[in-house]
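Derivation of every value follows stated rules applied to the coordinates shown; laboratory data play no part. Computed from a predicted structure; not experimentally measured. Positions of Cβ are generated from backbone atoms using ideal geometry, with glycine treated the same way; all protein chains shown enter the neighbour counts.
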Amino acid sequence: MTKYVIHGGKPLCGAVEISGAKNAAVAILPAALLVDGVCRIENIPQISDVTLILNILQELGADVRTVNRTTVDIDCSHIRNAGVPDALARKIRASYYFIGALLGRFGSAEVPPPGGCDFGGRPIDQHIKGLATMGAEVEVKGGLIRAKAKDGRLQGNTIYMDMVSVGATMNLIIAATLAQGTTVIENAAKEPHIVDLANFLNSMGASIMGAGTDVIKIKGVDHLLGGIYSIIPDQIEAGTYMAAVTATGGDVLIKNVIPKHLECITAKLMEMGAEIQELDDAVRVSRSGELYRTNVKTLPYPGFPTDMQPQVAACLCIAQGTSVLTEGVWDNRYRYVDEFRRMGAHIQVDGKIAVIEGVPQLTGATVEACDLRAGAALIIAGLAAQGSTVIGQIQHIERGYEDIVRKLSGIGADIRVVVTPDEDKAAQVG
Ligand code: EPU
């Protein structure tokens, strides 16, 4: 078993480089399936979710060539409309983008239900409703989502989304790109990765307007041709390092970011006592004074991102005073709270609200990451805590953070990877 061991209490100082955005990459790579010809995609993060998506593409017959550490060439000329392998699809949320991509390219798709972090129910009814509005018959039966366009090709239509959904917006953009006629998505999500997906598809010949607003118009085209595209930097990875410096104190230059995408995070961390300077493609974060309480409500973009809620909670655990967190996106995103309590945090949860009473100091403990961002938050707590923290279940963290141990070590964190005997196997053998 692989774990992270952190000796906390050291301020972070230096510079760190942010990788490409996970939630953009996991949509853009399946969307490459729509392209006739080779597309070169740059600034791809090296994380396990991306590896899984590339494996699915290869299973479907794509020729995937690594150009360098962050660039791949993908040629989908010989792609087959085979089923997406169950074992791969269930490991990640983003496997649902293969429904839109296969349906768009072949007029039919068979994809197992997606996996991903457990935040309570994660329905995909808005994806299904949107595809049905474009003329697909969709059934979920026998552990498979089967979708078939009635006349072999999706038909553009106006889709009104009942709630703002990042995944459904992206899936419907992908599906509508090669549809017959024009699709309008009303009440669309506005996250930066939605704009990135639209920019990628437009650079290959699609006609998508309005991405980044709540009405997106997609004029279907017959073909996409190859090209080169570079993925945007990861807003949440950047925010995680910003929160880490806020928690530990210190002074770090966070490079390769789009400061505009970080504004809601920057504003909150400044309220808490961080000093943040926005540069062209970097932010400099420092804290030398006290850490103050604040209230945070998560909302779709441009609101405060739910994917930063656990990391900011880690900071608030050691802030002066009582803070209130309101989770506005997911039903159950406080599963990490018991792990924080092991480190001495005072948190009460009631439904979507968590009340955090700041303590002067957290203390190191043995804890487990229950999901990706919860794992990142435990790292932040461990870096700020007195003593040693051992974090298990780190595979959740490696799904979305490239090289986190090396990056944190580079800014002065005492964090290392340890491999311990597998206790379960040891118990069976013993
Ligand atoms: N929802 C529905 N029906 C749907 C779709 C969504 O009821 O068909 C509800 C969800 O239950 C939730 C809300 O709508 O309450 C928003 O869900 P959304 O569809 O926006 O989430 P998602 O697309 O499944 C993506 C990210 C998540 C991030 C959310 C919100 C990917 C692969 N995942 O999930 O990222 O939390 O958007 O921003 O892009 C992470 O990176 O750690 C992560 C969990």
Notebook entry, point to check: Over all directions, what mean area does the Cα convex hull of the chain project, stated in square nanometres?
Noted result: 20.0
Notebook entry, point to check: What distance in nm separates the simple spin-label points at residue 73 and residue 160, each placed 7 Å from Cα in the Cβ direction?
Noted result: 4.8
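Using 0.36 nm times the number of residues separating residue 409 and residue 271, minus their current alpha carbon distance, what extension gain do you get?
On the way: separation 138, 0.36 × 138 = 49.68 nm, distance 2.72 nm.
Answer, rounded to one decimal: 47.0 nm.
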Next item on the list: Residues in segment 118-158, backbone N under 14 Å from the label point at residue 110 (7 Å along the Cα-to-beta-carbon vector): list them, ranges by number please.
Entry: 139-148
Check: How many nm is it between the label spots at residue 64 and residue 350, if each spot is 7 Å from the Cα in line with the beta carbon?
Finding: 4.7
Checklist line | Span-like helix ranges in the chain, DSSP H, alpha carbon extent 18 angstrom or more, Kyte mean at least 1.0 | finding: 372-384
Notebook entry, point to check: Of 311, 395, 235, which has the largest mean-square fluctuation in a 10 Å C-alpha GNM of the chain?
Noted result: 395
Item checked: Value of Rg/Rh across segment 22-230 [Cα atoms, Kirkwood radius] -> 0.92
Margin query: Full-extension gain between residue 338 and residue 17, please, as 0.36 nm times their residue separation minus the C-alpha to C-alpha distance.
Written below: 112.4 nm
Next item on the list: Please give the FRET efficiency for residue 288 paired with residue 228, using the beta carbon to beta carbon distance and R0 = 41 Å, rounded to the nearest 0.05.
Entry: 0.45
Notebook entry, point to check: Which residues does a label at residue 420 reach in segment 349-372, if reach means a backbone N under 18 Å from a point 7 Å past the Cα toward the Cβ?
Noted result: 363-371
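Let me have the 222 nm mean residue ellipticity of the chain computed from DSSP H runs of 4+ only, each contributing -39500 (n - 2.57), with the sum over all residues rounded to the nearest 500. Don't skip to the answer; put the middle values down first.
Working: 15 runs with 137 residues, N = 430.
It comes out at -9000 deg cm²/dmol, rounded to the nearest 500.
So what's the net charge close to residue 72: Lys and Arg +1, Asp and Glu -1, counting the other residues with Cβ under 9 Å from its Cβ? Present the calculation step by step, with values, prior to reporting the outcome.
On the way: positive: 40, 65; negative: 42, 73.
Local charge sum for residue 72: 0.
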Margin query: Quick check: pseudo-label points 7 Å beyond the Cα along Cα→Cβ at residue 144 and residue 363, how many nm apart are they?
Written below: 5.6
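Within the set 22/219; 190/217; 297/352; 22/190; 190/407, which residue pairs have Cα atoms separated by over 19 Å?
Working: 22/219 27 Å; 190/217 13 Å; 297/352 10 Å; 22/190 16 Å; 190/407 29 Å.
In this structure, 22/219; 190/407 lie more than 19 Å apart at Cα.
Express in nm, to one decimal, how much length is gained between residue 81 and residue 255 on full extension, taking 0.36 nm for each residue of separation and deducting their alpha carbon distance. Mind showing how you got there, number by number?
On the way: separation 174, 0.36 × 174 = 62.64 nm, distance 4.02 nm.
Fully extending the segment from residue 81 to residue 255 adds 58.6 nm.
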